[in-house]
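Data first, discussion second: the structure below is written as structure tokens.
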Amino acid sequence: MHISITGLKPKGIWGYIKFWILAIPSFGEAKSAKGNLYSAVKKINGYQCTLSAWESREAMLVFMKNGVHLKAMKAFHSIATGKTYGFESDTIPNWEEAYSLLETKGKNY
């Protein structure tokens, strides 16, 4: 399965508001997206983090490039900073493992 970890920190009050306007419906779409096996959110060290597991990387990419998530990606640089990390695994990491991977291997945006 493909694991995707994201940690975002909204920029200022307007970034925070716009972030949540996009994040809440995007998370809802992720949970019901074809190929999604697991989706969770958690605030860690000031970052709004998501952890999701997908049947395949391709299923995750279909979700990522459509709907509210696509709008969020287009607005990202104006509303937040953060990191993402994706990898293949037989198990879903716990939050401690996921955040450690994000910190050490994540791509900065």
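The values are calculated or read from the model by the stated rules, or taken from the named source; none is laboratory data. No experiment lies behind these values; they were computed from the predicted model shown. Every residue, glycine as well, gets a Cβ built from its backbone with ideal geometry; the counts of neighbours run over all protein chains shown.
Observations, loosely collected:
- Any chance residue 18 is assigned to a loop (DSSP other than H, G, I, E, B) and farther than 17 Å from residue 102 by Cβ: no
- Residues being buried (at least 16 other Cβ atoms within 10 Å of the Cβ) and aliphatic (A, V, I, L, M) - total across segment 22-37: 4
- The residue list 23, 80, 53 contains one member that is more than 22 Å from residue 104 (Cα to Cα), among the small types (Gly, Ala, Ser) and in contact (Cβ under 8 Å) with a residue 12 or more places away in the chain, which is 23.
- Considered as a group, the residues in segment 39-73 that are buried (at least 16 other Cβ atoms within 10 Å of the Cβ) and among the polar types (S, T, N, Q) include one that is farthest from residue 100 (Cα to Cα), and that residue is 39.
- Members of segment 70-95 that are assigned to a helix (DSSP H, G or I) and within 15 Å of residue 5 (Cβ to Cβ): 95
- Of all the numbered requirements in (1) exposed (fewer than 13 other Cβ atoms within 10 Å of the Cβ); (2) modelled with pLDDT under 95, residue 15 misses one, and that requirement is (1).
- Of all residues in segment 40-75, exactly one satisfies the criterion of being of a type in the set (D, E, K, R) and within 16 Å of residue 93 (Cβ to Cβ), namely 42.
- Meets criteria (over 16 Å from residue 94 (Cα atoms), among the hydrophobic types (A, V, I, L, M, F, W, C) and in a strand (DSSP E or B)) for residue 37: no
- Remark: residue 98 matches the filter, which requires a residue to be among the small types (Gly, Ala, Ser), surrounded by 13 or more Cβ atoms within 10 Å (Cβ to Cβ) and in a helix (DSSP H, G or I).
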